[in-house]
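What follows is a structure written as structure tokens; I'll ask about it next.
The numbers here are math on the coordinates, done by the rules we state, and not lab data. Since the model is a prediction, treat every value here as computed from it, not as a measurement. Methodologically, a virtual Cβ is constructed for each residue, glycine included, from the backbone with ideal geometry; neighbour enumeration extends over all protein chains shown.
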Amino acid sequence: MNGRDEGAVACAATPVVQLPSVDRMLRLPTVIPLIERHGRTFVTEEVRGLLAAYREGMLRAEATGPHSEAALLAALRTRIEARLAPAIRPVFNLTGTVLHTNLGRALLPDEAIAVLVASMRAPVNLEFDLDTGGRGDRDALVEALICELTGAEAATVVNNNAAAVLLSVAALCARREVIVSRGELVEIGGAFRMPDVMKVAGAKLVEVGTTNRTHPRDYADAIGARTALVMKVHASNYAITGFTSAVAEDELAHLAHERGIPFAIDLGSGSLVDLSAYGLPREPTPRQALQAGADIVTFSGDKLLGGPQAGLIVGKAEWVRRIRKHPLKRALRVSKLTLAALEATLALYRHPEQLAKRLPTLRLLTRPVQEIETLAQRVAPAMARALGAAFAVTVGAVQSQIGSGSLPVELLASAGLFIRCRADGRSSGRRLAGLARALRALPMPVLGRVADDALVLDLRTLTDEPTFVAQLRHLTLDRGPS
Ligand SMILES: *Cc1c(COP(=O)(O)O)cnc(C)c1O
């Protein structure tokens, strides 16, 4: 936000007056408290910026200039507030995508938040062995727990799963070949594309099979003297259906091992528990991948696992040791904050019976549709009141997505608010866009999605109903051209 926006604040119909000097403004009795609160340096800069913005507007005859002292002061306050507001803000994610990458994915369990805060306030034994008094290893803080939950021999943690794949390939296949099926060369949003990761890691990608079908002999034929790794990538954000064929993991593991080559699986999401036990679509677990014979399995910490952003690398001790020793590991390692939150999140998996209550991701994914619908019925009248006569608010069935590339074709029955323009016509799209903008401008921005001539708010992920309803009184719909 810059000064020009606030120029509009003072656009009352009073005549143009002379702008005060910076000094004069700083001496105003109403400005003194601002200086006491925010310091002279900051307020002086803001006054200077404000006056410059006015001057600019006046010179270019965009605004009629400043008016009363009160208007100037109001503009100054608005400007200071905007400057001090944190850039990162909590929002209501009512988009229907539970694990929304652009909105920070998993919400941490209270247990993780508590240890996170504690580890921020005090020094921790991050790389310090409290038994021997000697140097410790940060991986050791979570390795045993990860192994317990996945059945792996060893584990290491990096910044995210993209880093886990990059590091694994760099450590195991530099200047050598990695074999991947053409049906699995995925792009996970923007810059993470499997072929590019291989290149950056210094490995040569050997593509086998076709987009829809890859057979054991495709892999067998491709394995040669320069092959360092056979890799399977979980199709996390797309599905190939119809006339398809892929080689099963255990078969591929067998094939690779026969030729003395390690086998890796990038699971992407990698739920640590069988989600079908919670009534959700099944997703392969790291334990199953390892049981099928994978030597290395990589997955995210903040997708279905429900923890902080992290990339977990699990598998055979021999390979994990090599990965951990690679110089990139130092560049991709995680902080004490990540490890604290990760350990606490993982610990919840020791009590699978309570997981759906304590892990927010699972709690949201398993929220009963009746509960969501009742909630929708409760908040709909408040929304209708806030919007006035121009919009109609109805409760209807929607389908939530898990998100973050997890289970892309599986949708969860949910309920939400459908907001439509009453007066139909060509301006409906523009008015819905205006409404979406107004919802985003609320103290805690509300994010939905526009579909079928309606703004849809999926309430599966609405947990703070009081705040949501209370802030609706701040909703200001701009009355654009109608
Ligand atoms: C999400 C995903 C990644 C990237 O994981 P980040 O934690 O987002 O870095 C890599 N591979 C697969 C298959 C994925 O689904």
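Tilt of helix 110-121 relative to the longest C-alpha principal axis of the chain, in degrees (0 to 90, nearest 10)?
Between the helix axis and the principal axis of the chain, the angle is about 80 degrees.
Could you tell me the relative contact order of the chain? Use alpha-carbon pairs under 8 Å, at least six residues apart, and round to a whole percent.
The value is 17 percent.
In addition: What's the percent breakdown of Cα-Cα distances in region 227-374 across 10 Å bins, shortest bin first?
10, 34, 34, 18, 4, 1
Sticking with this structure for a sec: Between R27 and E187, how many nm apart are label points set 7 Å from Cα along the C-beta direction?
Distance between label points: 6.2 nm.
Looking at the calculated P(r) for region 16-137, what percent of the C-alpha pair distances fall above 25 Å?
Taking all Cα-Cα pairs of region 16-137, the fraction more than 25 Å apart is 56 percent.
Something else now. Which shape class applies to region 110-356: rounded if a/c is under 1.5, otherwise prolate when a/b exceeds b/c and oblate if not, where a ≥ b ≥ c are the square roots of the Cα gyration tensor eigenvalues?
Cα axes put region 110-356 in the prolate bin.
Same structure again: Report the residues of region 108-124 in range of a label on T366: point 7 Å along Cα→C-beta, backbone N strictly under 16 Å from it.
Label zone hits: 109-110.
If you don't mind, another one. So if I restrict to the alpha-carbon atoms in the chain, what is the Rg, and what is Dmax, the biggest pairwise distance, in Å?
27.8, 88
Taking the number of other C-beta atoms within 10 Å as the exposure measure, put V273, V369 in order starting with the fewest.
Sorted ascending by nearby Cβ count, the order is V369, V273.
For A174 paired with D250, estimate the spin-label separation in nm (one decimal), with each label point 7 Å from Cα along the Cα-to-Cβ line.
Spacing of the two 7 Å Cα→Cβ label points: 3.7 nm.
Want the number for L411 to S428: 0.36 nm per residue separation, take away the alpha-carbon distance, what's left?
That pair, L411 and S428, stretches by 3.3 nm at full extension.
From largest to smallest, what semi-axes in whole angstrom does region 82-185 give when each is the square root of 5 times an eigenvalue of its alpha carbon gyration tensor?
With the √(5λ) rule applied to region 82-185, the semi-axes are 30, 27, 15 Å.
Also, quick follow-up: Give the dimensionless ratio obtained when the Cα radius of gyration of region 232-293 is divided by 2.2 N^0.38 Å.
That works out to 1.23 for region 232-293.
Using helices alone, what [θ] at 222 nm do you get for the chain, with -39,500 (n - 2.57) per DSSP H run of 4 or more residues, divided over all residues and rounded to the nearest 500?
The helix contribution divided over the chain gives -12000 deg cm²/dmol.
Another question about this same structure. Any idea what angle helix 249-258 forms with the longest principal axis of the chain, computed on alpha-carbon atoms, 0 to 90 degrees, nearest 10?
Helix 249-258 and the main axis of the chain meet at about 50 degrees.
Here's another thing I want to ask about it. What nm distance separates the two modelled labels at D110 and A87, each placed 7 Å from Cα along Cα→Cβ?
Placing both labels 7 Å beyond Cα along the Cβ direction yields 3.3 nm.
Report the charge-dipole magnitude of the chain in Debye, nearest 20, computed about the Cα centre from +1 at each Lys and Arg Cβ and -1 at each Asp and Glu Cβ.
So the dipole magnitude of the chain works out to roughly 1320 debye.
For a test of understanding, tell me how many lysine pairs in the chain have Cα atoms under 29 Å apart, given they are 8 or more places apart or on different chains.
The result is 24.
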